[in-house]
Amino acid sequence: MTENSFDLIILGGGPGGYVAAIRAAQLGMKTALVERDQLGGICLNWGCIPTKALLRSSEIYRLLHRLDEFGFSAKDIRFDAGKVVARSRAVAKQLSNGVGYLLRKNKVTVTHGHGRLAGKGRLAIERDGKAVSELTAEHIVLATGARARSLPGLEPDGERVWTYKEMVPVAIPKSLLVVGSGAIGIEFASFYHDMGVEVTVVEMLDRVLPVEDEEISAFARKAFEKQGIKIHTGATVAALERNGANLTARIEGAGQGGEVEVERVILAVGIVGNVEDIGLENTAVKVEKMHVVVDEWLRTGEPGIYAVGDLVGPPWLAHKASHEGVICVEHIAGVNDVHPLDLHNIPACTYCRPQIASVGLTERSAREVGREVKTGHFPFIGNGKAIALGEPEGMVKTVFEGKTGELLGAHMIGAEVTELIQGYTIAKTLETTESELIRAIFPHPTLSETMHEAVLDAYGRAIHF
């Protein structure tokens with residue numbers, strides 16, 4: 001092989017791309033990764049990681065205002081927005097540097113620049129609009145990710161109408177409108193509200209967090225509104241006027257109407273794949289709804305071209321992208337025990353207050369596909385650890401196949417459920433039934449006991465409820 005010749009080239013250094021590159025190198029493939037911006041992609045630099053650092057700060061700020069409950073007192077509690085954001089950026093930088101180290105450790109060749117398919121097995125690299133090199137490989141994996149979707153009349157301007165990249169300014173606004181109540185929108189609604197911002201959420205569908213189980217969505221809405229977040233569902237922002245320093249949004253739909261005046265707007269209405277300007281036009285790669293179409297092995301319609309992560313569509317999750325990257329390169333390398341990704345075994349987490357996590361089918365979706373369903377519930381108020389933590393708000397719901405005892409889905413809302421959901425995810429991956437989960441011993445006192453009780457409740461055996 002020549003210096004610019006590889007077994008595998010990966011275009012994009014986000015969670016799908018860099019993980020695929022490392023796994024390919026582990027399998028003995030000479031691997032190159034091309035990234036036009038920062039290693040780690042949106043997730044590490046602007047999304048998953050820095051937002052969790054911000055949410056940690058808002059969690060601390062909220063706890064400081066609850067000190068009396070725990071026997072403490074303090075005066076003049078306040079925050080420095082610049083330092084809050086600086087910590088978030090430092091966390092992101094540390095992990096981005098860590099990705100660079102891992103790629104070097106695994107002898108992956110990293111090239112910075114804009115990559116574009118240039119013919120069979122060829123990828124042209126540009127910097128500042130000028131061609132700098134061309135790499136060749138039998139296999140090319142596209143992992144270019146996605147970007148925030150825009151809406152007519154609500155186009156982000158980077159100053160007063162934000163997407164994920166502008167959501168962490170040095171100054172915290174006094175009022176905020178969040179358009180969209182998926183995970184991104186709700187996380188930022190939660191963060192800003194806990195930092196003292198007056199927050200309004202507008203969702204075009206009939207409930208917040210519409211992909212979650214209906215009971216969890218209803219529980220979440222009550223919790224958010226109790227905190228003081230204003231929520232409009234079945235509604236849209238019909239118009240947005242810029243009035244000096246403020247913005248006036250006209251909300252319409254579902255018997256709700258009126259205007260709300262805010263300092264900033266966050267647009268969180270989904271994402272679209274980065275399919276443009278990567279050379280797809282001269283290939284057999286198929287694009288539908290701004291996402292690349294792939295088969296179960298992440299192969300596109302063009303031989304030798306693959307795609308993973310947000311580029312290939314929902315669920316738009318970093319851990320899904322990483323697993324797709326591994327599946328893709330292991331299949332290319334001929335690993336024997338590779339299995340296609342089962343979307344029903346992918347956990348989803350929303351890091352708002354209270355946290356939300358789920359895996360598998362909702363009760364409604366299970367019934368719609370003809371399953372005979374048994375459900376179980378358990379409230380956090382019945383859990384000793386939750387009460388001791390001062391976090392009794394929450395519940396766990398399980399969905400089982402009535403005839404076989406198969407765990408079809410699990411849905412959670414409450415403190416630290418994003419850490420707990422992996423237990424149900426492992427159970428689903430191992431095809432565990434209710435009898436095995438009932439026999440499992442959960443440590444006391446822990447929040448995880450709510451998971452056991454929700455299984456017991458599905459079969460009329462709950463002890464503490």
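Structure summary
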item	result
Residue check, S88 in contact with a Pro (Cβ under 6 Å, 6 or more places away or on another chain) and either in the same structural domain as T283 (by TED's automatic domain parsing) or touching a residue at least 60 places away in the same chain (Cβ under 8 Å) (or both)	yes
L176 vs. criteria of a type outside the set (D, E, K, R), in a loop (DSSP other than H, G, I, E, B) and farther than 30 Å from I327 by Cβ	no
Filter result for the condition that a residue is in contact with a Ser or Thr (Cβ under 8 Å, 6 or more places away or on another chain), farther than 23 Å from N97 by Cα and not aromatic (F, W, Y), over L135, L154	L135
Enumeration of residues in region 44-69 that are open to solvent by less than 40 Å² (accessible area, probe 1.4 Å) and under 26 Å from G12 (Cα atoms)	L44, N45, G47, P50, T51, A53, L54
Scan of region 417-451 for residues that are in a helix (DSSP H, G or I) and either more than 28 Å from R56 (Cα to Cα) or not assigned by TED's automatic domain parsing to the domain that holds G384 (or both), ordered by number	A427, K428, T429, E434, S435, E436, L437, I438, R439
Among (1) under 18 Å from A137 (Cα atoms); (2) open to solvent by 30 Å² or more (accessible area, probe 1.4 Å); (3) assigned to a helix (DSSP H, G or I) - the single one D310 does not satisfy	(1)
Some residue of region 202-225 being touching a Gly at 6+ places or on another chain (Cβ under 8 Å) and on the phi > 0 side of the Ramachandran plot	yes
Close pairs from region 179-198: first of a type in the set (D, E), partner in a loop (DSSP other than H, G, I, E, B) and open to solvent by 20 Å² or more (accessible area, probe 1.4 Å), Cβ under 7 Å, at least 6 apart	E187/Y351; D194/R353; E198/K174
Among (1) of a type in the set (A, V, I, L, M); (2) open to solvent by 40 Å² or more (accessible area, probe 1.4 Å); (3) part of a helix (DSSP H, G or I), the one test that A74 misses	(3)
Among (1) of a type outside the set (A, V, I, L, M, F, W, C); (2) buried (at least 19 other Cβ atoms within 10 Å of the Cβ); (3) at pLDDT 95 or above, the one test that K226 misses	(2)
Condition broken by A318, with the remaining ones in (1) closer than 21 Å to R149 by Cβ; (2) out of contact with any Pro (no Cβ under 6 Å at 6 or more places or on another chain) satisfied	(2)
Odd one out for G182, checked against (1) open to solvent by 50 Å² or more (accessible area, probe 1.4 Å); (2) within 14 Å of A268 (Cα to Cα); (3) of a type outside the set (A, V, I, L, M)	(1)
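The values are calculated or read from the model by the stated rules, or taken from the named source; none is laboratory data. Keep in mind that this is a model prediction, so the values were computed, not measured. FYI the Cβ positions are ideal-geometry reconstructions off the backbone, even for glycines, and counts take in every protein chain you see. Just so you know, the surface numbers come from the protein's heavy atoms only, side chains and all, with ligands and any DNA or RNA stripped out. Shrake-Rupley method; radii C 1.70, N 1.55, O 1.52, S 1.80 Å.
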